[in-house]
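Presented below is the structure to which this report refers.
The values are calculated or read from the model by the stated rules, or taken from the named source; none is laboratory data. Computed from a predicted model, the values in this text were never measured in an experiment. Glycine gets a Cβ as well: all are built from the backbone with ideal geometry, and neighbour counts include every protein chain shown. Accessible surface areas use protein heavy atoms only, side chains included; no ligands, DNA or RNA. Shrake-Rupley method; radii C 1.70, N 1.55, O 1.52, S 1.80 Å.
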Amino acid sequence: MLVLALVAVAVAVVVFARGGPGTAAQAKKPDREWCTPGTPRSALCPNNKVFDAKGYAAHGDAFECVNFASQADAQAVLRADPSDPNHLDDGGGVACRGLSEPRDTEPVPRKGQESTCAPGVSRSALCPQPDRTFDARYFLRYGTDAYDCADFASQADAQAVLRFRPTDPNHLDGERKGIACPDLPGPKDLKPVRRSTP
(Lines give C-alpha, C1' and ligand atoms only; values in the text may rest on other atoms or scores of the structure.)
Protein backbone atom coordinates (compact mmCIF):
# COMPACT_ATOMS: atom_id res chain seq x y z
CA MET A 1 0.00 0.00 0.00
CA LEU A 2 2.83 2.36 0.93
CA VAL A 3 4.57 1.52 -2.37
CA LEU A 4 1.43 2.44 -4.36
CA ALA A 5 1.16 5.75 -2.52
CA LEU A 6 4.81 6.59 -3.27
CA VAL A 7 4.35 5.71 -6.96
CA ALA A 8 1.25 7.93 -7.16
CA VAL A 9 3.13 10.86 -5.60
CA ALA A 10 6.08 10.36 -7.98
CA VAL A 11 3.77 10.33 -11.02
CA ALA A 12 2.03 13.50 -9.82
CA VAL A 13 5.38 15.27 -9.38
CA VAL A 14 6.51 14.27 -12.90
CA VAL A 15 3.22 15.41 -14.47
CA PHE A 16 3.38 18.75 -12.66
CA ALA A 17 7.05 19.30 -13.61
CA ARG A 18 6.35 18.60 -17.28
CA GLY A 19 3.40 20.98 -17.32
CA GLY A 20 0.47 18.63 -17.17
CA PRO A 21 -3.12 19.60 -17.90
CA GLY A 22 -4.24 22.79 -16.22
CA THR A 23 -0.88 23.62 -14.64
CA ALA A 24 0.87 26.99 -14.63
CA ALA A 25 3.77 25.48 -16.58
CA GLN A 26 1.47 24.77 -19.50
CA ALA A 27 -0.10 28.23 -19.48
CA LYS A 28 3.26 30.02 -19.46
CA LYS A 29 4.94 29.46 -22.84
CA PRO A 30 8.43 30.82 -23.52
CA ASP A 31 7.39 32.21 -26.93
CA ARG A 32 4.05 33.26 -28.24
CA GLU A 33 2.91 30.77 -30.84
CA TRP A 34 2.00 33.49 -33.35
CA CYS A 35 5.55 34.96 -33.25
CA THR A 36 6.88 32.62 -35.94
CA PRO A 37 10.18 33.50 -37.69
CA GLY A 38 8.37 35.31 -40.55
CA THR A 39 6.09 37.38 -38.31
CA PRO A 40 6.89 41.13 -38.47
CA ARG A 41 8.32 42.75 -35.34
CA SER A 42 5.66 44.57 -33.32
CA ALA A 43 4.67 45.28 -29.72
CA LEU A 44 3.28 41.73 -29.59
CA CYS A 45 6.43 40.19 -31.08
CA PRO A 46 9.13 42.63 -29.95
CA ASN A 47 12.09 40.30 -30.49
CA ASN A 48 11.40 39.22 -34.06
CA LYS A 49 14.00 40.40 -36.56
CA VAL A 50 11.66 41.00 -39.51
CA PHE A 51 10.36 44.58 -39.77
CA ASP A 52 8.72 46.06 -42.87
CA ALA A 53 8.17 49.78 -42.40
CA LYS A 54 6.33 50.09 -45.73
CA GLY A 55 3.78 47.53 -44.58
CA TYR A 56 2.79 49.85 -41.73
CA ALA A 57 2.41 52.83 -44.07
CA ALA A 58 0.24 51.17 -46.72
CA HIS A 59 -3.10 50.93 -44.90
CA GLY A 60 -3.98 54.53 -44.07
CA ASP A 61 -4.56 55.42 -40.44
CA ALA A 62 -4.39 51.81 -39.23
CA PHE A 63 -1.64 51.82 -36.57
CA GLU A 64 -0.80 53.68 -33.37
CA CYS A 65 2.36 54.03 -31.29
CA VAL A 66 1.33 51.09 -29.10
CA ASN A 67 1.66 48.79 -32.11
CA PHE A 68 5.43 49.21 -32.33
CA ALA A 69 8.20 47.42 -30.44
CA SER A 70 10.40 50.52 -30.26
CA GLN A 71 10.56 54.21 -31.11
CA ALA A 72 13.06 53.44 -33.89
CA ASP A 73 10.52 51.17 -35.61
CA ALA A 74 7.85 53.87 -35.48
CA GLN A 75 10.39 56.38 -36.84
CA ALA A 76 11.21 54.00 -39.70
CA VAL A 77 7.52 54.00 -40.64
CA LEU A 78 7.42 57.81 -40.59
CA ARG A 79 10.59 57.84 -42.70
CA ALA A 80 9.03 55.39 -45.20
CA ASP A 81 6.02 57.69 -45.66
CA PRO A 82 6.58 61.25 -44.39
CA SER A 83 2.93 62.10 -45.10
CA ASP A 84 2.35 60.15 -41.84
CA PRO A 85 -0.98 58.42 -42.55
CA ASN A 86 -0.84 56.80 -39.09
CA HIS A 87 -0.39 60.17 -37.31
CA LEU A 88 2.72 58.93 -35.47
CA ASP A 89 4.60 62.26 -35.57
CA ASP A 90 4.58 63.86 -32.12
CA GLY A 91 5.85 67.07 -33.64
CA GLY A 92 9.13 68.03 -35.26
CA GLY A 93 9.41 64.97 -37.49
CA VAL A 94 9.89 62.46 -34.65
CA ALA A 95 7.45 59.57 -34.16
CA CYS A 96 6.22 58.12 -30.87
CA ARG A 97 8.71 59.79 -28.53
CA GLY A 98 7.34 57.89 -25.54
CA LEU A 99 8.30 54.45 -26.86
CA SER A 100 11.31 52.48 -25.61
CA GLU A 101 14.75 51.97 -27.14
CA PRO A 102 16.27 51.60 -29.61
CA ARG A 103 15.62 55.22 -30.57
CA ASP A 104 15.95 57.23 -33.78
CA THR A 105 15.20 60.89 -33.16
CA GLU A 106 16.74 62.28 -36.35
CA PRO A 107 13.82 64.43 -37.62
CA VAL A 108 12.07 63.37 -40.80
CA PRO A 109 11.51 66.30 -43.19
CA ARG A 110 7.79 66.51 -43.89
CA LYS A 111 5.69 68.21 -46.48
CA GLY A 112 4.05 71.17 -44.90
CA GLN A 113 6.78 71.32 -42.26
CA GLU A 114 6.00 75.00 -41.87
CA SER A 115 3.05 73.92 -39.73
CA THR A 116 5.56 73.11 -36.98
CA CYS A 117 6.15 76.87 -36.73
CA ALA A 118 2.50 77.72 -36.30
CA PRO A 119 1.59 80.41 -33.76
CA GLY A 120 2.15 79.23 -30.21
CA VAL A 121 4.67 76.49 -31.12
CA SER A 122 7.76 76.54 -28.91
CA ARG A 123 11.16 77.37 -30.38
CA SER A 124 13.07 74.23 -31.43
CA ALA A 125 15.58 73.00 -34.02
CA LEU A 126 12.75 72.83 -36.55
CA CYS A 127 11.38 76.20 -35.56
CA PRO A 128 14.55 78.11 -34.60
CA GLN A 129 13.42 81.73 -34.98
CA PRO A 130 14.94 83.83 -32.16
CA ASP A 131 11.70 85.78 -31.70
CA ARG A 132 9.78 82.59 -30.89
CA THR A 133 8.84 82.01 -27.29
CA PHE A 134 10.55 79.10 -25.57
CA ASP A 135 8.72 76.84 -23.14
CA ALA A 136 10.94 74.31 -21.33
CA ARG A 137 7.85 72.26 -20.41
CA TYR A 138 7.36 71.45 -24.11
CA PHE A 139 10.52 69.32 -23.98
CA LEU A 140 9.40 67.47 -20.85
CA ARG A 141 5.92 66.45 -21.96
CA TYR A 142 6.79 62.90 -23.03
CA GLY A 143 8.67 61.86 -19.91
CA THR A 144 12.02 60.13 -19.84
CA ASP A 145 14.59 60.55 -22.65
CA ALA A 146 12.17 61.81 -25.30
CA TYR A 147 14.35 64.63 -26.68
CA ASP A 148 17.98 64.88 -27.75
CA CYS A 149 20.34 67.83 -28.16
CA ALA A 150 19.51 67.91 -31.88
CA ASP A 151 15.94 68.94 -31.01
CA PHE A 152 17.03 72.33 -29.64
CA ALA A 153 17.68 75.56 -31.52
CA SER A 154 20.50 76.59 -29.18
CA GLN A 155 22.55 75.51 -26.19
CA ALA A 156 20.77 78.09 -24.04
CA ASP A 157 17.41 76.48 -24.79
CA ALA A 158 18.70 73.03 -23.81
CA GLN A 159 20.18 74.57 -20.64
CA ALA A 160 16.81 76.12 -19.83
CA VAL A 161 15.25 72.64 -19.89
CA LEU A 162 17.99 71.27 -17.62
CA ARG A 163 17.50 74.25 -15.28
CA PHE A 164 13.75 73.65 -15.21
CA ARG A 165 14.16 69.91 -14.47
CA PRO A 166 17.63 69.24 -12.89
CA THR A 167 16.92 65.49 -12.79
CA ASP A 168 17.59 65.66 -16.57
CA PRO A 169 15.09 63.07 -17.87
CA ASN A 170 16.25 63.75 -21.45
CA HIS A 171 19.93 63.06 -20.61
CA LEU A 172 21.08 66.39 -22.05
CA ASP A 173 23.96 66.61 -19.56
CA GLY A 174 25.83 63.39 -20.32
CA GLU A 175 28.91 64.38 -18.31
CA ARG A 176 26.82 65.46 -15.29
CA LYS A 177 28.64 68.79 -15.07
CA GLY A 178 25.45 70.85 -15.07
CA ILE A 179 25.87 71.96 -18.69
CA ALA A 180 23.39 70.72 -21.30
CA CYS A 181 24.41 70.08 -24.91
CA PRO A 182 27.65 72.15 -24.85
CA ASP A 183 28.28 71.59 -28.58
CA LEU A 184 25.07 73.31 -29.70
CA PRO A 185 25.35 76.78 -31.26
CA GLY A 186 24.62 79.99 -29.35
CA PRO A 187 23.18 81.76 -27.67
CA LYS A 188 24.80 79.90 -24.79
CA ASP A 189 24.11 79.62 -21.08
CA LEU A 190 27.14 77.97 -19.47
CA LYS A 191 26.26 78.64 -15.86
CA PRO A 192 26.17 75.10 -14.37
CA VAL A 193 22.93 73.70 -13.02
CA ARG A 194 23.07 71.95 -9.66
CA ARG A 195 21.98 68.44 -10.60
CA SER A 196 19.47 66.51 -8.54
CA THR A 197 18.62 62.83 -8.51
CA PRO A 198 15.21 61.59 -9.76
- request: Inspect all residues belonging to the stretch 109-128 and state whether any of them is farther than 30 Å from residue 53 by Cβ, modelled with pLDDT under 85 and either hydrophobic (A, V, I, L, M, F, W, C) or open to solvent by 60 Å² or more (accessible area, probe 1.4 Å) (or both).
  value: yes
query: Looking only at residues in the stretch 167-192 that are surrounded by fewer than 13 Cβ atoms within 10 Å (Cβ to Cβ) and acidic (Asp, Glu), which one is nearest to residue 92 (Cα to Cα)?
result: 183
field: Restricting the stretch 79-93 to residues that are touching a Phe, Trp or Tyr at 6+ places or on another chain (Cβ under 8 Å) and in a loop (DSSP other than H, G, I, E, B), the residue that is farthest from residue 123 (Cα to Cα)
entry: 86
- prompt: Are any residues in the stretch 20-53 aliphatic (A, V, I, L, M), over 26 Å from residue 142 (Cβ atoms) and at pLDDT 80 or above, and if so, which ones?
  reply: 50
- prompt: From 103, 97, 141, 165, which residue is within 27 Å of residue 61 (Cβ to Cβ) and in contact with a helix residue (DSSP H, G or I) (Cβ under 6 Å, 6 or more places away or on another chain)?
  reply: 103
task: Being crowded, with 17+ Cβ neighbours inside 10 Å, at pLDDT 90 or above, not polar (S, T, N, Q) and not in a loop (DSSP other than H, G, I, E, B) is the filter here, so list the residues in the stretch 54-78 that pass it.
output: 65, 72, 73, 74, 76, 77, 78
message: So residue 195 ticks every box in (1) surrounded by 12 or more Cβ atoms within 10 Å (Cβ to Cβ); (2) at pLDDT 85 or above; (3) touching an Asp or Glu at 6+ places or on another chain (Cβ under 9 Å) but one. Which box is left unticked?
response: (2)
message: Any residue in the stretch 49-62 that is without any contact (Cβ under 8 Å) to a residue 60 or more places away in the chain sitting within a Cβ distance under 9 Å of a residue that is part of a loop (DSSP other than H, G, I, E, B) and of a type in the set (Val, Ile, Thr)? List the pairs, counting only those 6 or more apart or interchain.
response: 50/39
query: Applying the selection to the stretch 131-166, what residues are touching a residue at least 24 places away in the same chain (Cβ under 8 Å), open to solvent by 20 Å² or more (accessible area, probe 1.4 Å) and part of a loop (DSSP other than H, G, I, E, B)?
result: 134, 142, 143, 144, 145, 148, 153, 165, 166
